[in-house]
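Undergrad: Here's a structure for you.
The values are calculated or read from the model by the stated rules, or taken from the named source; none is laboratory data. From a predicted model like this one, the values you see are computed outputs, not experimental measurements. FYI the Cβ positions are ideal-geometry reconstructions off the backbone, even for glycines, and counts take in every protein chain you see.
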Amino acid sequence: MIQSVLFAGVGHLAQSGSGCLGPNGTSITGLCTSDNSLHMPVAYRSILPMLVLFIGALVLLLVSALLSKRSRPGLYPVLSTAVGLAALVASVWEWYDVGNRGVSTIGGQIFYDRFSVFFGVVVSVTVVLASLVSDSYLRREGLDGVEAYALILLAGTGAVLMAEAAGLIMLFLGLEIMSIALYVMAAYHRRRTESGEAGFKYFILGSFSSAIFLYGVALTYGATGSTRFQDIAGYLARNTLVHDGVLLAGMALLIVGLGFKVAAVPFHFWTPDVYQGSPTPFTGYMAALAKAAGFAGLLRTLTGALSSQQANWRPVIWLIAVLTLLIGSVMAIAQRDLKRMMAYSSISQAGYVLVGLQAGSAAGTAGSLFYLFTYAFVIVGTFAVLGLIQGPGEARNDLGAIRGLARRRPGLAMAMLVFLLAQAGVPLTSGFLAKFYVIEASVQRGQYPLAIIAMLAAAIAAFFYLRIALLMYAGEGEAAGPAPALEPAGGGAEAAGEAAGEAFVADGALTAGLQPVPSLDGATATLTWEPPPEERIAIPPAVAATLAICVVFTIAAGVSSPIIDFARHATAMI
Amino acid sequence: MTAALLAAATGSGAHLAHASAWAVFGVGAALILTGAFGVVLLRNPVHSALMLVITLIGVALEFIDESADFLAAVQIIVYAGAIVILFLFVIMFLAVDRREPAAPEPTRAQRPLAVLLGLVALAELLILSRVQHWSSGAHHVAGSLKGGEDVQKLGESIFTRYLLPFEMTAALLVIAVVAAVVLSRRHGRVAAEMSPAEQEEATLR
């Protein structure tokens, strides 16, 4: 009986759909022009950046299959950057194409509005920056290959899809595409145990949070009868739910699922380990991308579909924002590992975006968008610098690694200083304006306590940002203090001893055993030890260019207004 | 499985009107429970995996009882046919197909806690199935399809409204392939970590 039904059904489908389902090499089936019910026009222009990224990834894989293994080592980053730039061009074109109106297309699964296009721009830029900084790292670690760049592009595909999603199903799909690619990227450094551990932890906890999100989708569907944002909003606008338990539970689970992706407290426990273990440039990419896409999902869901439920979700987001701001800032102070410290710092930065979300107004959304866009440059730049100073094999991530950077590499230290000041929220950087806009939006809604807590958190956070800055600039003074008595050989070896001492600070015996060596013979020291980072910091041109872009953007966005205007226009959500 | 049980619990009477439907439901439920207990209670992992097949066939039977023929077919083909076989492959590759020694449990309270949580969840489901006044916007949660077979309906959904989600799962498959390549590749060493002889060998290779 089953079989007869099955075959009858398939036959019917094949018969009715014969004109539509041709062979398709791309991700989207072509226009269906037959005269039956399966008529499905696809507005390709609405998903152009995503298509560019996805097809770009496929082309990359194809090229790698056609070329011999080691023929063109520098080809993939160039291709990946080109794909990112193409997606950027597509996004900019879309920005003018879409205008201020937005439509929901492709079976009501995709929103084509400025909000989508804004995230198309953010993700494309992040992809370009990440492709540029990853190359030298991957080559240094002997990991270069096409897979890294394919994963970068695929994660970007998922992120754009999340921002474009017009319903919870599409949002979930985008979330999974992005997350699974990021899990693999976390575990990409196969010879480092920490990297494998990071990927594993991220995978287990991430899958758990995806399941929670999916449960939230199911309950929201149960409560409102649809997974599409417009239908949810319409249903809630027409009806007042007397017994809204199912909806509240669904909403809470959605917030948990997305809160995990943006690393909001109390769903942040994975962040320090994963950020520390992942390959450094990927960490920056992950931080920029997952936060942007996660917040795009939160904004779509909460301020879009569930805007009529503001009275219910705003207190929850208030609490999460406060916890995120304070715990992120306070925990960062206690860290001794630079990547771990930046992980907690990124948690606290997510808190400010939550402040903008909590406002639930157009100004708050604009502030959040501005924050996410500028933060992408800052965090990719920060981790690019960390990737340079940590040395081969990620040997040194401790605070000592950055000591005296200003003397060894003034340009690098200056770039890092700009990123740190931006994260601390110092005027004339993008970070100041970003924090200003979200706090202003919060004050406009009368949230004075939250605004004060946000400023307090900024003050706490300034402490550890400035501590890193001081280490970079004052570090050499400290190092020079005790050294001259022992050290006749010259500045280089003396700082080497100091740096190595820092590296082995946990291992007292080793430090004691090795400390006298540089005073005897600097050359032996370099042979015996882990090579001190100072002589090894070579700045590859691609990374230098990326850092320059990031620095210029961070300062430009901090003093001029086009970016915030961009973000304000992008709040035109359906 | 829960869906089927719930449907039965709430007594969607239209489907279970006949005695034959009851009989099918009873057989299916018995199969599901037998399989489920078998999976948990049997010591040999291979036997557990085989008991899972019985559960899945029982669920397929319940799908037929609910006129979801396509789901029933998919249940058999995909779950019983592919996924359980995959389980068996893994069990045999990892050579864990022997009786597990009854090791002491790491957390003592685990078992009673699991029983308690299971009972609470069961009670919750039963209570929820009786509570009628949850607000819901769902249009048709029960009842037969109007116009056309379920396969046709599914096909129409997938190739019209849900075309893009359906196509974008391709991205997930691509990532899965890339991930398998990345994670299962041999741990090669970089030149800096090799001895000169090894470096030479690597270049020759």
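Undergrad: Is it the case that region A:276-293 has a residue that's surrounded by fewer than 21 Cβ atoms within 10 Å (Cβ to Cβ) and of a type in the set (A, V, I, L, M, F, W, C)?
TA: The initial filter retains those residues of region A:276-293 that are surrounded by fewer than 21 Cβ atoms within 10 Å (Cβ to Cβ), namely none.
No, because not a single residue in region A:276-293 is surrounded by fewer than 21 Cβ atoms within 10 Å (Cβ to Cβ) and of a type in the set (A, V, I, L, M, F, W, C).
Undergrad: Can you find even one residue in region A:128-144 that is out of contact with any Gly (no Cβ under 8 Å at 6 or more places or on another chain), surrounded by 23 or more Cβ atoms within 10 Å (Cβ to Cβ), within 9 Å of another protein chain (Cβ to nearest Cβ) and over 22 Å from A:Val552 (Cα atoms)?
TA: no
Undergrad: Within region A:93-122, can you find the residues that are within 14 Å of chain B (Cβ to nearest Cβ) and among the hydrophobic types (A, V, I, L, M, F, W, C)? Explain how you work it out, then say what you get.
TA: Applying the first criterion (within 14 Å of chain B (Cβ to nearest Cβ)) to region A:93-122 yields A:104-112, A:116.
Answer for region A:93-122, where residues must be within 14 Å of chain B (Cβ to nearest Cβ) and among the hydrophobic types (A, V, I, L, M, F, W, C): A:Ile106, A:Ile110, A:Phe111.
Undergrad: Right, here's the next one. Tell me which residues, restricted to region A:154-181, are more than 10 Å from chain B (Cβ to nearest Cβ) and more than 18 Å from A:Gly216 (Cβ to Cβ).
TA: Across region A:154-181, the qualifying residues are A:Gly156, A:Ala159, A:Val160, A:Ala163.
Undergrad: Right, another one. Tell me yes or no: at least one residue of region A:69-81 is within 14 Å of chain B (Cβ to nearest Cβ) and free of Cβ contacts under 8 Å to residues at least 60 places away in the same chain. Step through it out loud before you land on a result.
TA: Of all residues in region A:69-81, those within 14 Å of chain B (Cβ to nearest Cβ) come to A:69-70, A:73, A:76, A:80.
Okay, now just the ones that are also free of Cβ contacts under 8 Å to residues at least 60 places away in the same chain, so A:69-70.
For region A:69-81, residues within 14 Å of chain B (Cβ to nearest Cβ) and free of Cβ contacts under 8 Å to residues at least 60 places away in the same chain: present.
Undergrad: I'd like to verify a number: residues in region B:114-130 that are under 25 Å from A:Val242 (Cβ atoms) and either touching a Ser or Thr at 6+ places or on another chain (Cβ under 7 Å) or surrounded by 10 or more Cβ atoms within 10 Å (Cβ to Cβ) (or both), how many?
TA: To start, the set of residues in region B:114-130 that are under 25 Å from A:Val242 (Cβ atoms) comprises B:123-130.
Add one more test, that the residue is either touching a Ser or Thr at 6+ places or on another chain (Cβ under 7 Å) or surrounded by 10 or more Cβ atoms within 10 Å (Cβ to Cβ) (or both), and what stays is B:123-126, B:128-129.
Residues that pass the stated criteria total 6.
Undergrad: Name the one entry in A:Ile317, A:Ile333, A:Ile327 that is crowded, with 22+ Cβ neighbours inside 10 Å and of a type in the set (Val, Ile, Thr). Even if it seems obvious, please write down each step before you answer.
TA: Working: A:Ile333 fails: crowded, with 22+ Cβ neighbours inside 10 Å; A:Ile327 fails: crowded, with 22+ Cβ neighbours inside 10 Å.
From the options A:Ile317, A:Ile333, A:Ile327, the qualifying one is A:Ile317.
Undergrad: Restricted to region A:393-428, and to residues that are part of a loop (DSSP other than H, G, I, E, B) and at negative phi, which residue is surrounded by the fewest Cβ atoms within 10 Å (Cβ to Cβ)? Show your work before the answer.
TA: Taking region A:393-428 and keeping what is part of a loop (DSSP other than H, G, I, E, B), we get A:395-397, A:403-404, A:409, A:425-428.
Of the ones still in play, those that are also at negative phi are A:395-397, A:403, A:409, A:426-427.
Values: A:Ala395: 15, A:Arg396: 23, A:Asn397: 23, A:Arg403: 27, A:Arg409: 21, A:Val426: 19, A:Pro427: 11.
Across region A:393-428, the extreme among qualifying residues is A:Pro427.
Undergrad: Please determine, by comparing only the residues of region B:151-184 that are more than 30 Å from A:Ala233 (Cβ to Cβ) and more than 7 Å from chain A (Cβ to nearest Cβ), which one is modelled with the lowest pLDDT.
TA: Residue satisfying both the conditions and the ranking: B:Ser184.
Undergrad: Let me ask you something else. What's the total number of residues in region A:537-574 that are within 27 Å of A:Ser104 (Cα to Cα), touching a residue at least 24 places away in the same chain (Cβ under 8 Å) and part of a helix (DSSP H, G or I)?
TA: From region A:537-574, those within 27 Å of A:Ser104 (Cα to Cα) are A:563-574; that's our starting set.
Checking the rest, the ones that are also touching a residue at least 24 places away in the same chain (Cβ under 8 Å) come to A:563-564, A:566-574.
Within this subset, residues satisfying the condition of being part of a helix (DSSP H, G or I) are A:563-564, A:566-570.
Qualifying residue count for the region: 7.
Undergrad: Tell me, which residue of region A:239-249 that is at the interface with another protein chain (Cβ under 10 Å from one of its Cβ atoms) and assigned to a helix (DSSP H, G or I) is surrounded by the most Cβ atoms within 10 Å (Cβ to Cβ)? Even if it seems obvious, please write down each step before you answer.
TA: Quick first cut of region A:239-249, residues at the interface with another protein chain (Cβ under 10 Å from one of its Cβ atoms) only: A:239-247.
Checking the rest, the ones that are also assigned to a helix (DSSP H, G or I) come to A:245-247.
Working: A:Gly245: 14, A:Val246: 22, A:Leu247: 25.
The selected residue is A:Leu247.
Undergrad: Looking for something touching a Lys or Arg at 6+ places or on another chain (Cβ under 8 Å), touching a residue at least 40 places away in the same chain (Cβ under 8 Å) and β-branched (Val, Ile, Thr) - is there at least one such residue anywhere in region A:276-298?
TA: Yes, because at least one residue in region A:276-298 is touching a Lys or Arg at 6+ places or on another chain (Cβ under 8 Å), touching a residue at least 40 places away in the same chain (Cβ under 8 Å) and β-branched (Val, Ile, Thr).
Undergrad: While we're looking at this one, here's another question. Residues of region A:215-231 being at the interface with chain B (Cβ under 8 Å from one of its Cβ atoms) and touching a Leu at 6+ places or on another chain (Cβ under 8 Å), which ones? So that I can check it myself, show each step before the final result.
TA: Let us first name the residues in region A:215-231 that are at the interface with chain B (Cβ under 8 Å from one of its Cβ atoms), namely A:221-226.
A:Tyr221, A:Ala223, A:Thr224, listed by residue number.
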